[in-house]
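Chemist: Once you've had a glance at the structure underneath, I'll fire off some questions.
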Amino acid sequence: MYSIVARLIADAALVGILLFTTARTLAWGRAWALLAVLLFVRAVGALAVYRINPALLRDRAKLPIHADQPWTDRLLLIAVLSTGMLGLPIVAARDVFRWHAFPPPASLLTGLGLVLFALGWGLKSLALRANAFAVPVVRLQRAHSLVASGVYGVIRHPFYAADPLIFFGLGLWLESYLAVLVAIIPLTFMLVRLSLEERFLQRNLPGYHAYMLRVPHRLIPGVW
């Protein structure tokens, strides 16, 4: 459990360092609120997942690189993390304190952004709670079996579906339309990764074709 807590704190600290060093000030209330929500939602989610899949959380607390991971997936994962989790806080901070590329969003939209951000991390926890095989890399694991319950009975990739909520929510809450636009970059990498993962699962995971017919939508219920 210590490694899991350490990973949660380290992730939040990294985001905080990116935000405040880029902004060159600690007097940024929205950034502090974002970090508080990030820590709270992820901590609550970790507790819920730990009761069901403790081994999964311990695995995810490690670096997201594995020896069995295809090189394409490794590159795409690094691209998503570097442009999304690392890049967006930097862009938002620079935009808010220096660039001012667009007028700030209305207060209703910024509040919605924080809600989306929290919902995105909550959705990731629901996906981890339902799927003990949701490791951060594309690979088959020992006794790997198809999961079609919980949120996986609604969409095929709920863990990925959380990313637009997190990325767009971050930009809106921090009052940066530019960060919202730049979020298209990591989301594009994510969609490519999702497509390659589906091909991998179709080839290697028994029953996945039938699952695709039962649950036809990848990310958005009733849409796509």
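None of the figures in this text is laboratory data; all of them are computed from the coordinates on show. Predicted model only: the values in this text are computed from it and were never measured. With ideal geometry, Cβ positions are generated from the backbone for all residues, glycine too; neighbour counts draw on all protein chains shown.
Chemist: With unit charges on the beta carbons (Lys and Arg positive, Asp and Glu negative) and the dipole taken about the Cα centre of the range 14-116, which residue among 115, 56, 31 sits farthest to the positive side?
Modeler: Of the listed residues, the answer is 31.
Chemist: While we're looking at this one, here's another question. Put +1 on the Cβ of each Lys and Arg and -1 on the Cβ of each Asp and Glu in the chain; which of 150, 219, 184 then has its Cα farthest toward the positive end of the dipole?
Modeler: The one lying farthest along the dipole's positive direction is 150.
Chemist: Follow-up question, since we're still on this one. Let me check against my output: what whole-number percent is the relative contact order of the chain, with C-alpha pairs under 8 Å and at least 6 apart?
Modeler: Normalised by residue count, the contact order of the chain is 26 percent.
Chemist: Residue by residue through the range 17-24, which ³J(HN,Hα) values in whole Hz follow from phi under the Karplus form 6.51 cos²θ - 1.76 cosθ + 1.60 (θ = phi - 60°), with glycine and proline marked x?
Modeler: Going residue by residue, I get 4, 4, 5, 6, 6, 5, 6, 6 Hz, with x marking Gly and Pro.
Chemist: Could I ask something else about it? Multiplying the sequence separation of residue 86 and residue 71 by 0.36 nm and subtracting their Cα-Cα distance, what value in nm do you get?
Modeler: The span from residue 86 to residue 71 would gain 3.3 nm if fully extended.
Chemist: Can you compute 3J(HN,Hα) from phi for each residue in the range 42-55, using the Karplus curve 6.51 cos²θ - 1.76 cosθ + 1.60 with θ = phi - 60°, rounded to whole Hz and x for Gly and Pro?
Modeler: Per residue, the Karplus-derived 3J(HN,Hα) values read 5, 5, 4, x, 4, 4, 5, 6, 4, 5, 9, 10, x, 5 Hz.
Chemist: Same structure, new question: Can you give the extra length, in nm with one decimal, that the chain gains between residue 203 and residue 48 once fully stretched, where that is 0.36 nm per residue apart less the Cα-Cα distance?
Modeler: 52.6 nm
Chemist: Can you give the extra length, in nm with one decimal, that the chain gains between residue 101 and residue 154 once fully stretched, where that is 0.36 nm per residue apart less the Cα-Cα distance?
Modeler: Net length gain for the segment: 15.3 nm.
Chemist: Let me ask something else. What's the magnitude of the charge dipole for the chain around its Cα centre, counting Lys and Arg as +1 and Asp and Glu as -1 at the beta-carbon? Answer in Debye, nearest 20.
Modeler: Dipole about the Cα centre, nearest 20: 420 debye.
Chemist: Charges only on Cβ, +1 for Lys and Arg, -1 for Asp and Glu: so what's the dipole of the range 1-114 about the Cα centre, in debye to the nearest 20?
Modeler: Approximately 200 debye in magnitude.
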